[in-house]
Amino acid sequence: PFRGVIAIDGPSGSGKSSVSRRLATELGLRCLDTGSMYRAATLAVLRSGVGLTDAATILKVVEGATLEFGTTPNDRYSLVDGDNVDVEIRGPEVTAAVSAVSGVPEVRAILISMQRDIIAKANGIVVEGRDIGEVVAPDADLKVYLTADPNERARRRSMQAGADLAATAADLTRRDNADAKTTRPHDAAPGAVVLDTTHLDLDQVITALHELIAHKG
Ligand code: C5P
């Protein structure tokens, strides 16, 4: 069986999370959502009450927090200082603050080194994020860039969250633009297969990925 590293990058609402979890389950691989790592670090900062303006202070809080992540595809979890934060890190407060924390280079260095550790210890893993194929795991066996047109991404996100479409669209654009200062949410990594999911459902995306993996031997 395939026991390699699969990097899945793409902007918010491109379908990365559902695709990664399902693919990892079907292949019997581990699964790492790096977005939840940045979200957990952000929650630690928000809980500490230090504010989001000073990079050195943000870094100190992240360095002092104990962050743990589960990588079983159907039982992924995030812990901040032992506290399960899966629900809270998806909420609006964290979503609004995450780009400020993920934009601190030293915070990225800490999380990227944790990500590489997790990848090295897993016997095969699907890793999703923004910079996996380019920075975290440039030697991944398969790199995929998932995208979809902005209206479709907003539609999916608003359905998931039960939120207003226009507000979701505005939020996606704001976050993509803020993230573009540190990662390249609109560009595929070198060597990545680009998959536009605007007109594809989850089954079709998974089928396409299985075909790509079959060609990897
Ligand atoms: O994918 P998700 O929307 O959960 O990502 C949350 C945030 O984490 C992104 O908006 C971005 O700021 C940050 N992120 C990142 N690099 C990654 C994954 C996520 O900077 N590899």
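Annotations
- The stretch 108-125, subset basic (Lys, Arg) and more than 9 Å from the ligand (Cβ to nearest atom), residue most open to solvent (accessible area, probe 1.4 Å): LYS121
- The condition (being of a type outside the set (Gly, Ala, Ser), modelled with pLDDT under 95 and within 16 Å of the ligand (Cβ to nearest atom)) is satisfied by just one residue among PRO92, PRO105: PRO92.
- Residue, surrounded by the fewest Cβ atoms within 10 Å (Cβ to Cβ), within the stretch 24-48, restricted to residues that are near the ligand (Cβ under 8 Å from one of its atoms) and of a type in the set (Gly, Ala, Ser): GLY35
- Pairs with Cβ under 6 Å, 6+ apart, first in the stretch 133-149 and more than 14 Å from ILE112 (Cβ to Cβ), second of a type in the set (S, T, N, Q) and surrounded by fewer than 22 Cβ atoms within 10 Å (Cβ to Cβ): ALA148/THR198; ASP149/THR198
- Evaluating TYR77 against the criteria (1) more than 13 Å from the ligand (Cβ to nearest atom); (2) touching a strand residue (DSSP E or B) at 6+ places or on another chain (Cβ under 7 Å); (3) touching a residue at least 12 places away in the same chain (Cβ under 8 Å) leaves one unmet condition, (3).
- VAL98 being over 30 Å from ILE206 (Cα atoms) and either in contact (Cβ under 8 Å) with a residue 60 or more places away in the chain or open to solvent by less than 50 Å² (accessible area, probe 1.4 Å) (or both): no
- For the stretch 58-65, the criterion of being within 24 Å of GLU134 (Cα to Cα) and either within 16 Å of the ligand (Cβ to nearest atom) or not β-branched (Val, Ile, Thr) (or both) is satisfied by at least one residue.
- At least 3 residues being out of contact with any helix residue (DSSP H, G or I) (no Cβ under 8 Å at 6 or more places or on another chain) is the threshold, and among the helices (runs of 4 or more DSSP H) wholly inside the stretch 1-117 those reaching it are 16-27, 55-64.
- Residue match in the stretch 126-135 (condition: away from the ligand (no atom under 12 Å from the Cβ) and farther than 22 Å from THR42 by Cβ): yes
- Summed over the stretch 7-23, the residues that are surrounded by 21 or more Cβ atoms within 10 Å (Cβ to Cβ) and closer than 19 Å to LYS216 by Cβ give a count of 6.
- Subset tally (residues that are open to solvent by 70 Å² or more (accessible area, probe 1.4 Å), at pLDDT 95 or above and not in a helix (DSSP H, G or I)) for the stretch 132-186: 2
- GLU88 within 23 Å of ALA178 (Cα to Cα), of a type in the set (Asp, Glu) and crowded, with 19+ Cβ neighbours inside 10 Å: no
The values are calculated or read from the model by the stated rules, or taken from the named source; none is laboratory data. The structure presented is a predicted model; accordingly, all values stated were derived computationally and were not measured. Heads up, the Cβs are rebuilt from the backbone with ideal geometry, glycines too, and the neighbour counts pull from every protein chain shown. The accessibility values were calculated without ligands, DNA or RNA, using every heavy atom of the protein model including side chains. Shrake-Rupley method; radii C 1.70, N 1.55, O 1.52, S 1.80 Å.
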